[in-house]
Amino acid sequence: GISNGESDVGDCDDGFYIRRCVQLARKAIGFTSPNPMVGCVIVKDGKIVGQGFHPKAGQPHAEVFALRDAGDLAENATAYVSLEPCNHFGKTPPCTEALIKAKVKKVVVGMVDPNPLVESKGLARLRDAGIEVVVGVEEELCKSLNEAFVHRMLTGKPLLTLRYSLSVNGNFLDLLGDEVTECGGYYSRLLQEYDAVILSSSLFSGNISIPSSQEPGANQPIRIVIHKDSSSSNEIPLAVNEVTDKVIVFTDNGTATAPELAKKGIETVILDQINLDVILDYCNQQGMCSVLLDLRGNSSEFEELVKEGIQKKNICKFVTEILPIWNRGSEIDPLIPVKRLDQGIQVENLKSKCSDQNVIIEGHFKF
Ligand code: AOF
Ligand code: ZN
């Protein structure tokens, strides 16, 4: 398991500094995969003397930046890290050795690193070196910060979230209330935190351009476009000016589309049958931790994927946007004869946010 019961209990200030670590870590939102987001502060005599975060895979870890920032002041100080310091040589050398060399007196850790290369070995190394170690401060917060990373470490698959919009009478809506282009909108912020977003090719037949996050300096997810020849006989209508290097098409008709797309520099994966397992495997191999399945466009393209995802328990979360409209003409649609709550799949960790424009609900499937 990744929780650690045998640790000392942190004192009340510990929570404050770990929350600061999480705040720092979030500065790299969307950019760290396959690595986690990690923040670190060095505290001496009740003052923060150094801070840092992990900006991107391949770059130094949070501890390295914080120790650099603290300089000589790190000696006899307490280091706070939202994730257990690593004790292995990956793309970068072990942070445990950096902490030991800097002569910190104590290390307070938010959560144990679920990465089997690390998992508690970092803590053991620090303790062996005579450093006092406290584990599990603001543990839930730290786990939710890196929900996708933890999920991938434990399952070998990226965290998959279903996104859709509903009318107040419970019908699927083929639209976003939030203008995609709007900075500060929920969809724009959502895109920022995902490594990839799966979209229907039919979305691009209208005047809709490939959605991107409008947050300043944001990560842009890789756009995975699903093209089912059976459901949309036409070619993929991606306009050249819309194409970025971050588009990949999964299609069941390579002959018609692949050469055309290749000319535009778009990678195409041709499958006999488009299925979620293959897409998730692909994402996993690319080091993606989180994928958003956006249910807009031709719903028949997604019907099978969603069914498969629920059946195989590959869909972990949902984010629903309820828009302030009544879908005329389909008043009876939502009255599917489910008369008992336990006939469906239970969801948990419900969170909601309400404004004049929409109600956002998110939660986890409890399989
Ligand atoms: C930390 N602090 O800031 C991060 C950690 O290939 P590497 O060397 O970057 O190692 C990646 C692994 O190190 C990653 O999977 C995770 O277990 C840990 N990441 N650890 O102490 C950090 N980013
Ligand atoms: Zn490290």
* Of all residues in the range 152-168, how many are touching a Pro at 6+ places or on another chain (Cβ under 9 Å) and either of a type in the set (Val, Ile, Thr) or crowded, with 20+ Cβ neighbours inside 10 Å (or both)? -> 3
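Hey, among LYS56, LYS27, which residue is within 16 Å of ligand 2 (Cβ to nearest atom), among the basic types (Lys, Arg), surrounded by fewer than 20 Cβ atoms within 10 Å (Cβ to Cβ) and within 21 Å of SER290 (Cβ to Cβ)?
Details: LYS27 fails: within 16 Å of ligand 2 (Cβ to nearest atom).
Just one listed residue meets the conditions, LYS56.
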* To do: Can you confirm whether the range 179-191 contains a residue that is assigned to a strand (DSSP E or B), at pLDDT 85 or above and under 17 Å from LEU292 (Cα atoms)?
  => no
* To do: Would you mind stating whether VAL137 is of a type outside the set (Asp, Glu), within 26 Å of ARG19 (Cβ to Cβ), crowded, with 19+ Cβ neighbours inside 10 Å and over 14 Å from the mean Cα position of the chain (by Cα)?
  => yes
* To do: Quickly run through the range 91-107 and pick out the residues that are touching a Gly at 6+ places or on another chain (Cβ under 6 Å) and either buried (at least 24 other Cβ atoms within 10 Å of the Cβ) or within 15 Å of ASN146 (Cβ to Cβ) (or both).
  => THR96
* Asked: Inside the range 279-334, can you point out the residues that are more than 21 Å from LEU166 (Cβ to Cβ) and assigned to a loop (DSSP other than H, G, I, E, B)?
  -> GLN286, GLY287, MET288, CYS289, LYS312, LYS313, ASN314
* Counting only residues that are within 11 Å of ligand 1 (Cβ to nearest atom) and aromatic (Phe, Trp, Tyr), how many does the range 65-95 have? -> 2
* Can you tell me which residue among ILE208, ILE224 is surrounded by 15 or more Cβ atoms within 10 Å (Cβ to Cβ) and modelled with pLDDT of 90 or more? => ILE224
* Among the residues of the range 240-254, is there at least one that is modelled with pLDDT under 95 and small (Gly, Ala, Ser)? -> yes
* To do: Kindly provide the set of residues from the range 1-49 that are under 30 Å from ASN284 (Cα atoms) and at pLDDT below 95, ordered by number.
  => GLY1, ILE2, SER3, ASN4
* To do: Given the conditions (1) over 20 Å from LEU292 (Cβ atoms); (2) surrounded by 19 or more Cβ atoms within 10 Å (Cβ to Cβ); (3) modelled with pLDDT of 75 or more, report the number of the one that THR257 does not fulfil.
  => (3)
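The values are calculated or read from the model by the stated rules, or taken from the named source; none is laboratory data. Just so we're clear, the structure is a prediction, and the values are computed from it rather than from any experiment. We place every Cβ from the backbone using ideal geometry, glycine too, and count neighbours over all the protein chains shown.
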